[in-house]
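Structure record follows, encoded as structure tokens.
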Amino acid sequence: MVFVGGYGRSGSTIIDLLLNRVPGIVAVGEFRHLFGRALGDNELCSCSQPFRDCQYWQAVMHEAFPDGIDRAAVQRVVSRFNRVIMLPFLRFPFLMTPRLRREAELYRQTFTAAYRAVAKLSNAQVVIDSTKYPLHGWLLRTIPSLELRVMLLVRDPRAVAYSWQRRRLRPEVHWEQREMPRYSVLRSGLAWNVSNQLTALLRRHVSGYRVQRYEDFVADPGQQLTAIASFALGSQVSLPGPLFERQPHQPHTIAGNPVRIGSQQVRVRGDSQWRTMPRFKRLIIDLVCAPGMRAYRYPLRTTD
């Protein structure tokens, strides 16, 4: 298992879909949404089919849960544990009440079954879960049967904050027109700090840890993707030549950013539109995120 942690709008979707083209690796998208946005709301898979109509996911769910699953019960548990307030219980399980222990075990058993089904049906050695929300990663690290590696994906917080303020439709919501949520730069900056810090705390509790800057990926996608795939598989790999070209098969990932490259040719380009953000908003991010920006080598001052 590789858990991709960090904060949203950091480029995980395109990295996911490219990693999915590497032999031995299967990407599932933001898998904590399996029982909510996917199975519950029936959002589109990245193959453009509604989740419950996608033959791949039908096969996965049958393999994982041949006797069925109480979707609502699992989703309640997922919602309960994916809150920052639950971190002390996940770091120190002895603090849990008997009820919380039962719920944590349901979480573990359910997702372990789902991951194993994905790996089996995809004939993959590694499953990539780009949920990003760190509390999901903290729960995964309590599953003894998983060899868990963590990749912290970071992006310049000014670019992240700018992205969270843009109007964007959610194409996976196929029954109506719905925009993605928009947040203030202050909220985005604080969430960037918390998500990165909580993911970094996992470093001492997993079998492998990597920090990946999105800007480094954009600058040299081939080399960086090779490094990420080698980290995931635990050995040096060479990427197949046509990895960025049109592919014969559609990927199957859930949730994530509304990027639907599918099997098409991929061209990775940088995005500097965030530099048009008003100076006072950039100043807010600089003030709120300064320690993290220094740690991940983002300059506090930029030229327009």
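The values are calculated or read from the model by the stated rules, or taken from the named source; none is laboratory data. Everything numeric here is computed off the predicted structure, so don't read it as measured data. Every residue, glycine among them, receives a Cβ derived from its backbone with ideal geometry; neighbour counts consider all protein chains shown.
List pairs: first residue in region 167-195 and among the small types (Gly, Ala, Ser), second residue surrounded by 13 or more Cβ atoms within 10 Å (Cβ to Cβ) and part of a loop (DSSP other than H, G, I, E, B) anywhere in the structure, Cβ distance under 7 angstrom, at least six positions apart or on different chains. Hits for this filter: ALA191/TYR7; SER195/TYR7. Identify, please: which residue in region 291-304 is hydroxyl-bearing (Ser, Thr, Tyr) and at pLDDT 95 or above and is, among those, surrounded by the fewest Cβ atoms within 10 Å (Cβ to Cβ)? Only one residue fits best here, namely TYR296. Within region 38-49, the presence of at least one residue that is of a type in the set (A, V, I, L, M), under 21 Å from VAL127 (Cα atoms) and free of Cβ contacts under 8 Å to residues at least 60 places away in the same chain is confirmed. Checking VAL237, VAL268, VAL211, VAL288 one by one, the residue that is touching a Leu at 6+ places or on another chain (Cβ under 8 Å), surrounded by 13 or more Cβ atoms within 10 Å (Cβ to Cβ), among the hydrophobic types (A, V, I, L, M, F, W, C) and not in a helix (DSSP H, G or I) is VAL211 and no other.
Considering only region 1-18, state which residues are surrounded by fewer than 24 Cβ atoms within 10 Å (Cβ to Cβ) and of a type in the set (S, T, N, Q). THR13 - this is the single residue of region 1-18 that is surrounded by fewer than 24 Cβ atoms within 10 Å (Cβ to Cβ) and of a type in the set (S, T, N, Q). Taking region 54-74 as the range and being surrounded by 12 or more Cβ atoms within 10 Å (Cβ to Cβ) and within 19 Å of HIS252 (Cα to Cα) as the test, the residues that pass are CYS54, TYR56, TRP57, GLN58, ALA59, VAL60, MET61, HIS62, GLU63, ALA64, PHE65. So for region 252-264 (the condition being crowded, with 16+ Cβ neighbours inside 10 Å and part of a helix (DSSP H, G or I)), does at least one residue qualify? Within region 252-264 (the criterion being crowded, with 16+ Cβ neighbours inside 10 Å and part of a helix (DSSP H, G or I)), the answer is no, since none of the residues qualifies.
With respect to ALA161, is the statement that it is assigned to a helix (DSSP H, G or I), farther than 28 Å from ALA232 by Cα and among the small types (Gly, Ala, Ser) true? Yes: the conditions hold for ALA161.
Of all positions in region 165-183, none carries a residue that is part of a helix (DSSP H, G or I) and at pLDDT 95 or above.
Taking first residues from region 64-88 that are under 15 Å from ARG108 (Cβ atoms) and partners that are among the acidic types (Asp, Glu), the Cβ contacts under 8 Å between residues at least 6 apart in sequence or on separate chains come to VAL77/GLU103; ARG80/GLU103; PHE81/GLU103.
At least 1 residues being under 15 Å from GLU172 (Cβ atoms) and not β-branched (Val, Ile, Thr) is the threshold, and among the helices (runs of 4 or more DSSP H) wholly inside region 1-84 those reaching it are 12-19, 55-64.
Being outside any helix (DSSP H, G or I), over 30 Å from MET277 (Cβ atoms), in contact (Cβ under 8 Å) with a residue 40 or more places away in the chain and among the polar types (S, T, N, Q) holds for only one residue in THR131, THR110, THR142, and it is THR142. Which of the residues spanning region 81-112 are crowded, with 16+ Cβ neighbours inside 10 Å and under 21 Å from the mean Cα position of the chain (by Cα)? Selection gives PHE81, ASN82, MET86, LEU90, ALA104, TYR107, ARG108, THR110, PHE111, THR112. Exactly one residue out of ARG21, ARG37 is crowded, with 19+ Cβ neighbours inside 10 Å, modelled with pLDDT under 95 and under 29 Å from SER195 (Cβ atoms): that is ARG21.
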